Amino acid sequence: MQYAEALKDSKYGSVWLDSPDRPEPEPALEENTTCELLVVGGGFTGLWGALQAKERRPDLDIILVEKTFVADGASGRNGGFLSADLAHGEANTEHHFPGEEELLYELGKQNLREMLATFKKYNIDAHYECVGETEVAVDDAQVEELREYYEEEKAAGEDVTWFDEEEMQEQVKSPTYKAGLLFHNGLDGTVNPARICWGLKQVLLDLGVRIFEHTPVDKLLPRSRQRMKAFCPNGIITCKKVLMATNAFRSPVRKIRKSIIPVWDYQIATEPLTQEQLEMIGWDKFHHALGEFNNMFHYYRLTKDKRITWGGGGAVRYYYNKNISRRDCADVPEAFEQLAEEFFETFPQLEGIKFTHRWSGIIATSTRFCMVPGTAYDGRVAWAVGYTGLGVGASRFGARIAIELLGYDPSDILNLQLVQKKPMPWAPEPLRWIGVQLTHAALVRADKNNGKRGLWLKLLDKLNLGFTC
């Protein structure tokens, strides 16, 4: 079959990490040591947290440890979509944090401005492109709904552009597209996520932060009323405060594990497109960051070297009992073949193109479908987890919340409902698995039925559990 043949010679691993620019890992911890602030996790939240803490307190003694290597988790294998959204959509924000919609909107834009200023200050080349976000309708019901959305956004003064079917085809050619809506969204766009991690890592090293890779934290315990002990395979770190930046991966702090579940996402990347291929799909003029306006949507974009990365859709999986085993869940042929098949349904004119990379991994989601900050051990340990696919931008703000919860120059953001309100915990197994499977099947049915939502989805809508965001 076409899609199986296109995947045949692909490499398992993130296209972002397969780069000559990838730095060598720092040595693992090999002895007992001390610091004031310990950061556990070498992804976006941990790196941004360490940097913001160091910028606020230049003399602060910080250690960052990473179980494998910096950018190995979701931070090095996401789609690279940079969004100002902090709470996963307008409907989700309005329900969970009523009265704070405008404030969170402004804080999200401020967060992106500060992020881009950091890139400029430290010469981090993140391959940033300010292209906004384009949603495409692929059936008549979506056209009507997307048009209504456009009218609402336009009336509210938002910078949006409507494309009818002919106009959308002029932007990007796909037989599936019936309309499109471009959200210019200020500074939203695309980045190379691994280059952000690598750039931040080098900045931290230059600022004197000690980084130990291949250093998991097996256990975290209080030593006294003022100190914590982190037990690693070859050493113990004694510290005053801890930022847990483990996100979907298992944390030694039980409160974190109860607030999120790991969901597996799968992606593929094509070989670099020729100029002729780019012109065949019309994507050479404006590098739209694309996604369908449906439930099981794909997200896709062009890279700097003209590849298409393609993820999401029906290949998203939740495995029973929070299974995060790479052996069982990572390199799943049917998931990648499904992605390839859906890719060629969208771009049949690219028949014959090969996929060079396939990869997968877990993202963390909460029942409110946006970040969950928290503290433990009398405020000595803090975290922000559960970004639900929007962590490229929101993780920097989550890191800010976490370090302020630890007492490093706290501000009024700690009064936000986003910080103060606790999410509903996930149900225990097997109820959790049954609920997720029912929902997944119902969303797929709705997409096949012009968006018509069945009884199960209508119940979830009443409960505002976020599946429509």
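Observations on the structure shown:
To keep it simple, each residue is scored yes or no on (1) of a type in the set (A, V, I, L, M); (2) touching a strand residue (DSSP E or B) at 6+ places or on another chain (Cβ under 8 Å); (3) farther than 20 Å from Leu47 by Cβ; (4) outside the structural domain of Gly79 (by TED's automatic domain parsing).
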{"position": "Phe212", "(1), (2), (3), (4)": "no, yes, no, no"}
{"position": "Thr215", "(1), (2), (3), (4)": "no, yes, no, no"}
{"position": "Met228", "(1), (2), (3), (4)": "yes, yes, yes, no"}
{"position": "Cys232", "(1), (2), (3), (4)": "no, yes, no, no"}
{"position": "Cys239", "(1), (2), (3), (4)": "no, yes, no, no"}
{"position": "Thr246", "(1), (2), (3), (4)": "no, yes, no, no"}
{"position": "Ile256", "(1), (2), (3), (4)": "yes, yes, no, no"}
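- Some residue of region 223-241 being within 20 Å of Ala384 (Cα to Cα), modelled with pLDDT of 95 or more and either among the acidic types (Asp, Glu) or touching a Phe, Trp or Tyr at 6+ places or on another chain (Cβ under 8 Å) (or both): yes
- Hits in region 368-379 (condition: buried (at least 19 other Cβ atoms within 10 Å of the Cβ) and not aromatic (Phe, Trp, Tyr)): Arg368, Cys370, Met371, Val372, Pro373, Gly374
- Count of region 1-44 residues which are among the hydroxyl-bearing types (Ser, Thr, Tyr), modelled with pLDDT of 95 or more and closer than 30 Å to Ile268 by Cβ: 4
- Residues being assigned to a strand (DSSP E or B), under 30 Å from Arg57 (Cα atoms) and aromatic (Phe, Trp, Tyr) are represented in region 229-249 by at least one member.
- When each of Gly389, Gly379 is tested for being assigned by TED's automatic domain parsing to the domain that holds Leu104, over 22 Å from the mean Cα position of the chain (by Cα) and of a type in the set (Gly, Ala, Ser), the lone residue that passes is Gly379.
- The set of residues in region 32-71 that are crowded, with 22+ Cβ neighbours inside 10 Å and acidic (Asp, Glu) contains only Glu66.
Every residue, every condition in (1) touching a Pro at 6+ places or on another chain (Cβ under 6 Å); (2) closer than 22 Å to Phe343 by Cβ; (3) of a type outside the set (Ser, Thr, Tyr); (4) surrounded by fewer than 17 Cβ atoms within 10 Å (Cβ to Cβ), yes or no:
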residue	(1), (2), (3), (4)
Lys120	no, no, yes, yes
Ile124	no, no, yes, no
Val138	no, yes, yes, no
Asn185	no, no, yes, no
Ile196	no, no, yes, no
Lys219	yes, no, yes, yes
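The values are calculated or read from the model by the stated rules, or taken from the named source; none is laboratory data. Computed from a predicted model, the values in this text were never measured in an experiment. All Cβ positions, glycine included, derive from the backbone under ideal geometry; neighbour counts span all protein chains shown.
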